[in-house]
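Following: one structure in structure tokens, then a few remarks.
Just so you know, all these numbers are worked out from the coordinates, no wet-lab data involved. Computed from a prediction, not measured in an experiment: that's the story for all the values here. Glycine also receives a Cβ, built like all others from the backbone with ideal geometry; neighbour counts cover every protein chain displayed.
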Amino acid sequence: MDLRHLRYFQAVAEELSFSQASRRLHIAQPALSRAVQDLESELGTRLIERDRRTVALTPAGAVLLHETALLLERFEESMRRVRRTASGEEGELRLGYIGPPTQCFLGRLLHDYRSRYPQVSVHLEERTPERVWEMVAKGRLSVAITRPLPGQGERSLETLLLRKEPLGIVVPLDHPLAARESVTWKMLAQESLIVLARREGVGLHDEILAACRAAGFTPRIAYSPSLMGTVLSYVEAGAGVGIATDSVAAVSMSPSLRYLSVTPERTVPLVLVWNPEEDPPPVIAFRELVGEWLAAGRLWE
């Protein structure tokens, strides 16, 4: 038995006419009759009673017609799902991300993605950069937006550079540096600095320390909280000078704080990362959308 036999039987059972069913299916009537007979032989029962004038379903034929309709409908839906999955329109996207640097665009980006691929189930995981890389490498995340890590090349993961984010400082409005347009790293030598903990962002933390060393001093780190929001809270409380990227300042700062650029410019990258060995269509579609947004400048508008 195959689907062809069931389709032939369905046409005859619905039309209650071999001649009309043959026209509907565009096949010869003898071939249609043989197909129904083969089906009856395989099932060991009569499905259709026919004589020269009438065609009628047996009780077994009525049951088979009902079940055939359900089966073929389910089969067609399965084929549609296969095609949608192959084109990235259905499936699962497990997206990891780091919070503050993605706040200005992630919601808009996902809204666009979901509007294009409403059948894709999207799961979000906010984690530290180190944890994000580990989860992508182990297949627990499909793709992620994060910072690069030392030794990342050993993981056989692919990356796409989204932006090199400039580092700057955050100070209260009454801080002496707040009146300036920009500062140098050397000017921070005597300041108490508030820097995100290294365990939460090794790339950001190490770049800040490297910038201070290049300016000829060892930074005086007063606090190293685990959240960028806490960095800004310490600054607002007057506990020191915060160091953050411009993207954080753009979305997270209180009106009582001011962000200043620092020269010479130091940047930390933000990248899209994925495992090329596990690259299902929903991930490909997401990457293509990110590339489209990058080209149009929509990520940072």
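Results, tabulated for the structure shown:
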| read-out | value |
| --- | --- |
| ARG52 versus ASP38: modelled label distance in nm, points set 7 Å from Cα along the beta carbon direction | 2.9 nm |
| Two-site label geometry, LEU177 and LEU227: point separation in nm, points 7 Å out along Cα→Cβ | 2.4 nm |
| Theoretical FRET efficiency, 1/(1+(r/R0)^6), r = Cβ-Cβ of ARG108 and ALA189, R0 41 Å, to 0.05 | 0.55 |
| Gain on full stretching of the segment that runs from ARG220 to GLU15 - 0.36 nm per residue minus C-alpha separation | 65.1 nm |
| Using alpha-carbon coordinates, inclination of helix 106-116 to the longest axis of the chain, degrees | 10 degrees |
| Per-pair calculated FRET efficiency, R0 = 30 Å: GLU158 and SER261 via Cβ, rounded to 0.05 | 0.40 |
| Residue exposure sequence - SER22, SER142, SER254, SER33 - by fewest surrounding Cβ within 10 Å | SER254, SER33, SER22, SER142 |
| Extended-chain gain in nm, criterion 0.36 nm per residue less alpha-carbon gap, SER78 and GLU134 | 16.8 nm |
| Neighbour-count order for VAL171, VAL251, fewest beta carbons within 10 angstrom listed first | VAL251, VAL171 |
| Per-pair calculated FRET efficiency, R0 = 41 Å: ARG116 and ILE27 via Cβ, rounded to 0.05 | 0.55 |
